[in-house]
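The values are calculated or read from the model by the stated rules, or taken from the named source; none is laboratory data. Keep in mind the model is a prediction, meaning the values are calculated, not measured. Every residue, glycine among them, receives a Cβ derived from its backbone with ideal geometry; neighbour counts consider all protein chains shown. Just so you know, the surface numbers come from the protein's heavy atoms only, side chains and all, with ligands and any DNA or RNA stripped out. Shrake-Rupley method; radii C 1.70, N 1.55, O 1.52, S 1.80 Å.
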Amino acid sequence: MTESSSDSSDALSRLKNQPSAPAEPQADETVESDVSAVPVPERKTTKAPKEEKWTLRDRFNAWLDSFRGPTQDDIEQAIANTPDRIQARWQKLQDDRRAARLAEARAQQLAAEVEEARQALEEQWERESERMAELEYEQALEARRRQQERETQALLRAARRLESDDIPRPDNRPMLQQPDEYLSDEELFERAQQNLPEWQRLDRIVNKARSIEAETPSPPPSATDEAREEAEDFVLPFRKPVTDNPDPKQLDGFRRITLSISWVLFVVVGLFSLGWLGPWPSMIEAHDGLYGGSTSLMSMAFWHVAAWPLLWVAMLLYTLYQWAPSQYSAVRNRTTAWYVSNAMLLAAATKLLAHFQDVGLEVITSIAATVLLARAVGSLNRYTERNAKERFLVDMPIGAFTGWMLIFSGTTVFTAMASWNVLDLFWIPETVWAILAIVVLLIVLSRLTLTGRGRMSIAIGFSFGMAAIIGTRLFGEDASFILVGVALLGSFVVLAATENRRYQISIAEKQAIEHLVYADDAEDR
C-alpha cells in the first residue's frame, strides 16, 4: 500500500512539472501508471486559463514594431535622388536671394524717387515762397510809393497854405499815415497841416548841421588810432601752431626708444671722456693738453667742461617729455627727435675722438652734429610751439645744445689746425683767422636766434662757450684783446637783437591779440 501511494505521488508530481500539459484534463483521459492496481480518481477542476502579462518594455517594443520602416528600394531611391534634391534646394535658395535683392533694389529706388520728389517739392515751395515774398515786397514798395505821393501832395497843399514850398524829402520824414490806418485825402491834408511846421524846422536844423560838417576839416588821427592800425597790420613772423596730433604709428614708439638710448650713450661717453668714470684721464689732459686753454686763440678755458652736465640735464628733460601722452605723435617731435638723437651720438663721438686721437677727426663729427641741430631748429620754426611747456621742454634744450655745439665746433677746427701746424694758413696770422671765424659764427648765430619768438636759448649756449674763450684770452698765456673786443661786441649785438625780437613779439601778442596774423596766413592772402 505504501509503495503504491508513493508511485502515484511521483506521477502527480511529473504531471505538474510538465510545461506542455494541457490546462484542462479530458474526462476520458487515464493516467497510466506502473502501479495498475491503484486507480487514480478523476479530478473535476474548472481552472481558468492564465492571462499573459505585458511589461513596459514589451509595450515599447510593440510600439516600435508598429512603424513601417523604409525598404531597401526606398533607401536606394532616396540616395539616387539626393543630388537632384540638393540642386533643387540650392536653386530655390538662389532664386529667393535674387528675388530679395531685386525687392531691396526696387525699395531703394522707390525711396530715392520719393526723396527726390520730396526735395523737388520743397524746392518748388521755397521758390514759390521767395516769389511770393518778392511780390509782396514789390507790392508793399509800390503801395508805400503811392502813399508817399499822396502825402507829398497833401504837404504841398499845406505848404501853400503857409505860403512856402519847402517840404522834407520822403526819405527824411516819417509817414503821415500809419500802416493800420486808411486816411482820405482830406484827413491827410489836416494831418499835414499839423506836422509840416515842426518837420520844416527839423529839416532846416539837419541841413545846417550837414553844411557845417562838410566845411569843417576832419581831425588828425590820434595815437591810439595809429597804434590800432599798426596792430591790425602786424604779422607775426612765425607760423600758426599745429594743435592736432596725427594718428600714432609704430615708428613713434621706436623713435622714443632710440632717443632714450642715444641720451644714455651721450651721458656715459661724456663721463668716460671727462675722466669722471673709468681709468682714462680727462679730455683736457689728453694729448699733452691739446684741448687746454693755450692751444689756439679759439681754445676754451678748463671750466668749459661744466657745459656738458648742463646739456645732459637739458636733453634729459627733452627725452622724458617725449614720453608724455600728448607728445606721442606730435609733429614737432617727429621732425626733430631724429636730428637730436643723431646729434647726441655725434657729440659723444666727438669727445671720444678728441680723447683717443690727435689727427683732428673730431672736426667732422662736431660740424655734422651742429648741422643736424640747425636742421632741428628749422623744424621747430616750421611747427611752432603750442604752449609754454613745449617751449621750455623742447625748444630750450635743443637751442642750448645747438648754441654750444656751434661754438665748440669752432674750437675743434682750430685745435685740429694746431695739431696740423697750420694755424698761420696761407701766411695769414692766426688772429685774423680767429676773428673771421668768430664773425662767421656770430652771423650763423644771428640767423638761428632771430627766428620764432627769438631763441635766446641758442644765444645762451653760444655765450657760455664764448665766455670760456674770452676768459682764457684775457687771463691766459695767449692773450688777444682784439679778438676779445670783436667777440664781446658781436655777442652783445646778437643778444640785444634777440631780446628785442622777443620783446616786440610779446608786446604785440599782449596788446593786439585779436589782430594777430601768422606768416602762413599772410602768404595765403
*Could you tell me whether region 132-146 includes any residue that is exposed (fewer than 10 other Cβ atoms within 10 Å of the Cβ) and outside any loop (DSSP other than H, G, I, E, B)?*
no
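Would you confirm, using the coordinates I've provided, whether Leu483 is of a type in the set (A, V, I, L, M, F, W, C) and either open to solvent by 90 Å² or more (accessible area, probe 1.4 Å) or closer than 12 Å to Ser446 by Cα (or both)?
no
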*What are the residue pairs meeting all of these: first residue in region 388-410, first residue within 24 Å of Ala354 (Cα to Cα), second residue of a type in the set (Ser, Thr, Tyr) and open to solvent by 10 Å² or more (accessible area, probe 1.4 Å), Cβ atoms under 6 Å, and 6 or more apart or on different chains?*
Gly399/Ser457; Ala400/Ser457; Met405/Thr370; Leu406/Thr370; Ser409/Thr370
*asked:* Take the conditions surrounded by fewer than 10 Cβ atoms within 10 Å (Cβ to Cβ) and among the charged types (D, E, K, R) and apply them to Glu116. Does it pass?
replied: no
*Qualifying residues in region 170-187 (those that are in contact with a helix residue (DSSP H, G or I) (Cβ under 8 Å, 6 or more places away or on another chain) and within 21 Å of Ile205 (Cβ to Cβ)) - the one least open to solvent (accessible area, probe 1.4 Å)*: Leu176
*Kindly list the number of the only condition in (1) at negative phi; (2) part of a helix (DSSP H, G or I); (3) surrounded by fewer than 22 Cβ atoms within 10 Å (Cβ to Cβ); (4) without any contact (Cβ under 8 Å) to a residue 60 or more places away in the chain that fails for Asp288.*
(1)
*Have a look at Ala209, Ala223, Ala231 and point out the one that is aliphatic (A, V, I, L, M), at pLDDT below 75 and over 59 Å from the mean Cα position of the chain (by Cα).*
Ala209
_Report every pair of residues separated by at least 6 positions or lying on different chains whose Cβ atoms are under 7 Å apart, first residue within region 241-263 and modelled with pLDDT of 90 or more, second part of a loop (DSSP other than H, G, I, E, B)._
Arg256/Trp323
*From Ser329, Ser282, Ser262, Ser294, grab the single residue that is surrounded by fewer than 20 Cβ atoms within 10 Å (Cβ to Cβ), in contact with a Leu (Cβ under 6 Å, 6 or more places away or on another chain) and small (Gly, Ala, Ser).*
Ser282
